[in-house]
Amino acid sequence: MTTAYYDDLAGLLLARGLPAEEVADTVGRLAAHAAGADPKNEYGPCAALAERLTGAASGPVDGAPSPETDPTARTRTWTADAFGDRARLDAFGAAGWEVERVDERDRFVARRDLTDPRRWEYRRETGDAAPPDGDWEPCGTWLCFRYYKRPAQDGPGDLSGEIPRTSSRRAQLSLMVACYVATLAAIGLGWTIFNGSGSGSGTGLGFLGGFLIGGAVAAGALVIARARRP
């Protein structure tokens with residue numbers, strides 16, 4: 001039964017178009033990790049394991065998510081995939097993402113410190129293999145795989161000049177002020193048309209002037225307050 005389970009698993013993975021060499025390596029690692037145990041008890045039904053290994057068990061597969069979908073994001077998750085996990089970890093690590101764990105839904109959970117961004121390196125080991133040398137620390141376990149991380153050793157680790165930390169906030173602030181001023185202008189135009197050139201126009205224009213001045217002061221206060229926020 002044990003051999004049949006892994007043969008069936010390999011067949012399911014090959015049917016998904018995965019490279020035969022990688023399939024053989026992955027199935028071999030799973031078998032070695034569960035040596036002496038019933039693989040169905042260890043990993044669950046064969047078809048379900050094939051889905052987990054290819055990232056399909058936790059919902060729609062996210063393909064190859066870009067690390068920079070939002071350059072100001074601080075947290076990120078993406079689906080684990082035994083055949084693409086290392087390439088994704090390399091891409092996200094190069095963009096400053098530090099994996100903290102693999103959650104119960106087979107997803108890597110990562111964070112990025114925008115105040116002190118760093119590149120990260122990752123390694124994947126199998127089963128009970130000894131942790132790799134060189135300041136590697138564990139950052140997650142999934143099926144028979146153990147993941148390790150460390151700050152990048154080759155090239156600069158500091159990404160402070162590459163990750164825009166404030167551009168998004170400034171853009172939002174500019175848009176907010178522009179909308180505020182546009183609203184004031186629309187109110188002013190409507191007030192002027194409504195009052196026309198009648199006898200009350202002096203009072204109306206005085207009120208309008210005060211309204212616009214007050215609005216400008218409020219907009220200035222908003223800019224100052226937002227600019228002082230970290």
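Please determine whether any residue of the range 123-138 is under 17 Å from the mean Cα position of the chain (by Cα), closer than 23 Å to V27 by Cβ and not acidic (D, E). Steps first, answer last, please.
Taking the range 123-138 as the starting set, the residues that turn out to be under 17 Å from the mean Cα position of the chain (by Cα) are none.
Within the range 123-138 (the criterion being under 17 Å from the mean Cα position of the chain (by Cα), closer than 23 Å to V27 by Cβ and not acidic (D, E)), the answer is no, since none of the residues qualifies.
Take G36 and tell me if it is out of contact with any strand residue (DSSP E or B) (no Cβ under 8 Å at 6 or more places or on another chain), at pLDDT 90 or above and at positive phi. Show your work before the answer.
On the way: out of contact with any strand residue (DSSP E or B) (no Cβ under 8 Å at 6 or more places or on another chain): yes; at pLDDT 90 or above: no; at positive phi: yes.
Criteria not met by G36.
Mind counting the residues in the range 16-28 that are among the aliphatic types (A, V, I, L, M) and at pLDDT below 95?
If we filter the range 16-28 for residues that are among the aliphatic types (A, V, I, L, M), which is where we start, we get 18, 20, 23-24, 27.
Add one more test, that the residue is at pLDDT below 95, and what stays is 18.
Result for the range 16-28: 1.
The values are calculated or read from the model by the stated rules, or taken from the named source; none is laboratory data. What you see is a predicted model; the values in this text were computed from it and never measured. Glycine also receives a Cβ, built like all others from the backbone with ideal geometry; neighbour counts cover every protein chain displayed.
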